[in-house]
Amino acid sequence: MAFSSCLKCHSWTHSRNLEHPFPPTSKPIKVSSFPFSQHHEKHFSSLSASTSSPPSTTWLSPDFTTKQLLETLRRENNENSAFQLFEWASKQPNFTPTLPVYEEVLRKLGFAGSFDIIGRILDDMKRSGVEIVEGTFFILIDSYAKSGFYDEAIGVLDMMENEFGVKPGTHSYNSLLNVLVDGNKLMLVETVHSRMSNKDVKPDVSTFNILVKALCKAHQIRPAILMMEEMSNYGLVPDEKTYTTIMQGYIEEGDLEGALRVREQMVAAQCPWSNVTINVLINGFCKECRIEEALIFVQEMANEGFCPDKFTFNTLINGLCKVGHVKHALEILDLMLQEGFDPDVFTYNTVISGLCKIGEVKEAMEILNQMFLKDCSPNTVTYNTIISTLCKENQVQEAMELAHILTSKGILPDVSTFNSLIQGLCLTSNFIIGMELFREMKTKGCQPDEFTYNILIDCLCSKGKLDQALQLLKDMESSGCARNVITYNTLIDGFCKSKKLEEAEEIFDQMELQGVSRNLVTYNTLIDGLCKSNRVEEAAQLMDQMIMEGLKPDKFTYNSLLSHFCRAGDIKKAADIVQTMTSNGCEPDVVTYGTLIQGLCKAGRTEVASRLLRSIQMKGMVLTPQCYNPVIQALFKRKRGKEAMRLFREMEEKSDPPDAISYKIVFRGLCSTGGSIREAIDFSFEMIEKGYIPEFSSFYLLAEGLRALNMEEVLIKLIDQIMAKAKFSENEVAMVRGFLRIRKFQDALATFGSVLNSRKPRKGYW
């Protein structure tokens, strides 16, 4: 089967001119990375003038042997020095050119991308009379491919035959095909394979394995199987690599069953397997989160002689952590150590990440310490995982200390490290320190990214410091940091919340000028801001613009408009919004209905709100306190306390649990509407037990009632329970109890109320 027939549906990179195998001088490699290629003419002249001693970086006696020269060249990591050494050696009287020496120089120059000098070396090889073999040209093919010169790599085939008289054989084509597949140049694979066939070069098993790999990379699994089946036409038999490559192809497509079928074919063909095959399948099970089957498979294969290796253990540990079975992963880690395999940084990072994901940061730190004991150096990924988790759990001080340890061990924090710390500081109201860290990262040469700026801009916007937020936007521009839609959305939201709609609209217009596409969040944020500022006509126009730009209004869009009309008491228009929403294929959600119910109650239409509540229940929706609370409040205001309490109990049984507002409404209703004081007392104890603190203004009404009925002991008991739940300090408790003991209830309640009101939660960051 022709390889080209399998690849018709793919678009390919067009080939360059293949007549010149050497790329132009202006190559994509950065010349500054390889100084000798930038000034090689200078090196030639200086070396020619001085042939008495080798380069200063390498010592080699003038009476060196060929073996000593080769070993010295191999040890030399600097390509410039290696070339200078070769040039010096070639001028010595006892120099004997050999193929291994030339090949080592070609490798060094190829790695550096110095193809112009490679041309000179090849000419020198021809003049020296050294017999060049087919394998020499594999070095050139590999070097060109690594530098991205795939057409030049193909041109080596012509150069071999035309300039050196070496006919490219199967191994040459295999070398070329393999680098083309690895570089994802599948159109060129087709070209070379066709050429191979036209030149009557016989393929071997490796050829087919490379072509099978190419088809699998192109997601052409069925053609890959047909390619494997074609091997018999050439008297070839698939080997382990053939089968394993197709198995891996199936696994990459998410078809583990297909991979297992190929394994059955492999077993039926009596093809020997190794750990490579088994590990590929184990990885397939783990990739699909079928970890129990993976463990069973390991046991089955162990019975057939399979011995788990380091890759097996790493794969199982990763699979277990992926599905949250971290404790089991730790057991596999212990087993790995017992079997004599040293975990590497990948192993430890996987376990640390797994522990952090389930909030076990203390255990993650213990694994970090274990790494040190096992002499396994943590990397930036290790530290960033733990630092990020510590910051998310508000342990920012511990995260900062760990960052200092990281630096002291020579691992420089990267942008992810700084971002985690800055975000943690902002979330724990340490914005000033966060800004200091931001400035520090810049002075240490770590360039902030858009995420860094977005964290700080968001924090500044939430604090209402919009001028500073805009300054950071300018800083982004001057530093060349891309400003994305999140940056602008955050600023628009900040200005809308500060009721600065004109500035928000300016930011909105700026997005178009800067080429940043607005998204649904952009429009929804500004529409919501306009609605809250009673500029609903402009909000409606903006919604029309949004639709013209191809964005479909969602629940948030409609809910913003709905909230405006409900606040304004315009129930007809609110109902029209819900109707429009439904007709446009946007199904109203609980928030939509909750907003409408609140509007109905505010307009005094409690009965309609109650009926709507029942109709929502019939739709099968799980109602939230937002739906119940307005109706319960309205019923209490109309002195219909029993109905309100029935609805509250219904909410407990059939919907999401009551929230703090629910308890506040009911407690206030029971205390202020002249209901049963016993019911108010019982409800007080109930809400305290559920973790909700009564509002003092309502509690004071209950306290006055209890005193009027001479029920002071009940009052004292309630006060004691509230003080415990609200975590009064010892001094505060002593002060209140002191007044109660001497029966100064007014003073006790005044002190109690003052402390309780100070316990009211303040709105934090976010």
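Taken together, the values in this text are just the output of simple stated rules run on the coordinates, not laboratory data. Here the structure is a predicted model, which is why all the values come from computation and not from measurement. Neighbour counts run over all protein chains shown; Cβ positions are idealised from the backbone, glycine included.
For this structure, a couple of remarks:
- Sum of side-chain charges, C271 neighbourhood, beta-carbon under 15 Å (Lys, Arg +1; Asp, Glu -1): -2
- R0 of 51 Å, Cβ-Cβ distance K744-D659: FRET efficiency to nearest 0.05: 0.90
- Ranked C289, C601, C627, C307, criterion: other C-beta atoms within 10 Å, fewest first: C307, C289, C601, C627
- Model label points for E652 and L226, set 7 angstrom from Cα along the Cα-to-Cβ axis, are 7.0 nm apart.
- Sites E300 and K146, calculated FRET efficiency, Cβ-Cβ separation with R0 60 Å, nearest 0.05: 0.90
- Alpha carbon centroid spacing (whole Å) that separates region 455-498 from region 316-366: 39
- According to the Cα-based calculation, Rg over Rh for region 369-423 is 0.96, with Rh computed by the Kirkwood formula.
- Taking the longest Cα principal axis of the chain as reference, the axis of helix 606-618 is set at about 40 degrees.
- For the chain, the Kirkwood radius over C-alpha pairs fed into Stokes-Einstein at 20 °C and 1.002 mPa s yields D = 63 µm² per second.
- Converting phi to 3J(HN,Hα) with the Karplus coefficients 6.51, -1.76 and 1.60 and the offset θ = phi - 60°, region 560-577 yields 5, 5, 4, 4, 4, 5, 5, 5, 7, x, 8, 5, 4, 5, 4, 5, 4, 4 Hz in sequence order, with x at every glycine or proline.
- Pairwise label distance in nanometres, N94 with S754, each label 7 Å out on the Cα-Cβ vector: 10.0
- Entries in K552/K654; K357/K444; K572/K602; K442/K474 that, when Cα-Cα distance is taken, lie over 25 Å: K552/K654; K357/K444
- Two-site FRET efficiency, E264 against E339, from Cβ-Cβ distance with R₀ of 22 Å, rounded to 0.05: 0.15
- Rg to Rh, two decimals, where region 589-649 supplies the alpha carbon set and Rh follows Kirkwood: 0.94
- Residue order, fewest to most beta carbons within 10 Å, for E730, E689: E730, E689
- Extension gain, E436-S672: 0.36 nm per intervening residue step, less the Cα-Cα distance, totals 79.8 nm.
- Counting charges near A734 (Lys, Arg +1; Asp, Glu -1) among other residues having Cβ under 13 Å from its Cβ returns a value of -1.
- Shape category assigned to region 659-766 from the gyration tensor of Cα positions, a/c cut at 1.5: oblate
- Taking the chain and dividing mean pair separation by its residue count, relative contact order in percent (alpha carbons under 8 Å, at least six apart): 5
- Stretchable slack from E292 to S517, in nm (0.36 nm times residue separation minus alpha-carbon distance): 76.5 nm
- Residue pairs, from the table K217/K241; K497/K637; K463/K500, whose Cα atoms sit over 24 Å apart: K497/K637
- Contact order relative to length of region 193-312, as percent, for alpha carbon pairs under 8 angstrom and 6 or more apart: 19
- Helix content alone sets the calculated 222 nm mean residue ellipticity of the chain: runs of n ≥ 4 DSSP H residues at -39500 (n - 2.57) each, divided across all residues, give -22000 deg cm²/dmol.
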